[in-house]
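These notes concern the structure reproduced below.
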Amino acid sequence: MTSFDRPTTDPEASAPADHPVGAPAVTAPPVPGAGPDAAGRQVTEAALFEAFGGLRGLVETVLPGLLFVAIFTVDKDLHVSAIAALAVSLVLCVVRLVRRDTVKHAFSGVFGVAFGVVFAMMTGNAKDFYLPGMLYTLGLALAYIVTTLAGVPLIGLILGPVFKENLSWRTRNPGRKKAYAKASWAWGLILLGKCLILFPLYWWADTTQLGWVLVALKIPPFLLAVYLTWVFLVKAPAPIDVFAEMEAQEKAEEALRERLATPGPPVADRPQEGPRHRR
């Protein structure tokens, strides 16, 4: 086991530096109206919001494809539609950079749109603008399913660092591992169902039909998967904060070194008595 998921069984190593070993644990006072369930919901909601980008992430995901299909529906011009979609993706990314927000969702949107634009320009087929994203969705669905079958659910690898538990759920928190497995199955099956709708349309429908269906399927499956993930994780055991454990262990080790380096009180010098002689 690594330092990220090993158990801390040594009481001296896990106790804070200013907390005597064997003394009662000091806990924070409860927040009025916020029990363990409420606190767990808040932590889970905040982590999911951070991991999946929230409302702005949804907008950045949907807007480029929506603009592409809207313009192509009107004038059937591949170049104008592709350039408009790429331009709005770049604008959204620049806005995040200016506001110093997290740019991972915007960058992923730019790269996805750029791949679609390049592919469609190379083939001359407007439907190919959507093909890279569809292949990515299929690959992601298979990744969720395969990693779950392998015992390392992908959603746990994604959310573990967000919850500050890293991979501790694999060996130290079996209830949480089970919840991650359920959530990964949900993501994999939902995305696979989405692919079963889109790929036949890619072959049989025209560009505008495929585009509007794809836009319509952007948000609902995503929200369903996020909701099911929230349901599974709220009912799961709380995450183990491995960073707090390592910090507490480092403080305890530092305190132990300081105690060992501090010399003991000097012993008072006193004359030694020699052997007594009987007269």
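The values are calculated or read from the model by the stated rules, or taken from the named source; none is laboratory data. Owing to the predicted nature of the structure, the values given are computational and were not obtained by experimental measurement. Cβ sites come from the backbone with ideal geometry, for glycine too, and all protein chains shown count toward neighbours. Side chains included, ligands, DNA and RNA excluded: accessible areas come from the protein's heavy atoms. Shrake-Rupley method; radii C 1.70, N 1.55, O 1.52, S 1.80 Å.
Does the range 244-260 include one or more residues that are under 30 Å from PRO64 (Cα atoms), modelled with pLDDT under 90 and out of contact with any Pro (no Cβ under 9 Å at 6 or more places or on another chain)?
No, the range 244-260 contains no residue that is under 30 Å from PRO64 (Cα atoms), modelled with pLDDT under 90 and out of contact with any Pro (no Cβ under 9 Å at 6 or more places or on another chain).
Being under 16 Å from PHE52 (Cβ atoms) and either in a helix (DSSP H, G or I) or free of Cβ contacts under 8 Å to residues at least 12 places away in the same chain (or both) narrows it down to one residue among ALA179, ALA186; which is it?
Criteria check complete, one pass: ALA186.
For the range 115-132, which residues satisfy the criterion of being in contact with a Leu (Cβ under 9 Å, 6 or more places away or on another chain), among the aliphatic types (A, V, I, L, M) and open to solvent by 30 Å² or more (accessible area, probe 1.4 Å)?
MET121
Restricting to the range 200-224, count the residues that are touching a Gly at 6+ places or on another chain (Cβ under 9 Å) and assigned to a helix (DSSP H, G or I).
Residues flagged as touching a Gly at 6+ places or on another chain (Cβ under 9 Å) and assigned to a helix (DSSP H, G or I) within the range 200-224 amount to 4.
Determine which single condition ILE71 fails, assuming it passes every other condition in (1) open to solvent by less than 60 Å² (accessible area, probe 1.4 Å); (2) modelled with pLDDT under 65; (3) more than 31 Å from the chain's Cα centre (by Cα); (4) among the aliphatic types (A, V, I, L, M).
Checking ILE71 against (1) open to solvent by less than 60 Å² (accessible area, probe 1.4 Å); (2) modelled with pLDDT under 65; (3) more than 31 Å from the chain's Cα centre (by Cα); (4) among the aliphatic types (A, V, I, L, M), the one that fails is (2).
Right, LEU135: surrounded by fewer than 20 Cβ atoms within 10 Å (Cβ to Cβ) and in contact (Cβ under 8 Å) with a residue 24 or more places away in the chain or not?
no
Among the residues of the range 200-237, write down those that are aliphatic (A, V, I, L, M), touching a residue at least 40 places away in the same chain (Cβ under 8 Å) and surrounded by fewer than 16 Cβ atoms within 10 Å (Cβ to Cβ).
The answer is ILE219, VAL234.
Pick out the one residue from CYS195, CYS93 that is surrounded by fewer than 21 Cβ atoms within 10 Å (Cβ to Cβ) and modelled with pLDDT under 90.
None of the other options fit; the residue is CYS93.
Under 8 Å by Cβ, and 6 or more places apart or on different chains, what pairs join a residue from the range 74-103 that is on the phi < 0 side of the Ramachandran plot with one that is assigned to a loop (DSSP other than H, G, I, E, B) and modelled with pLDDT of 80 or more?
From the range 74-103, the pairs are LEU78/GLY124.
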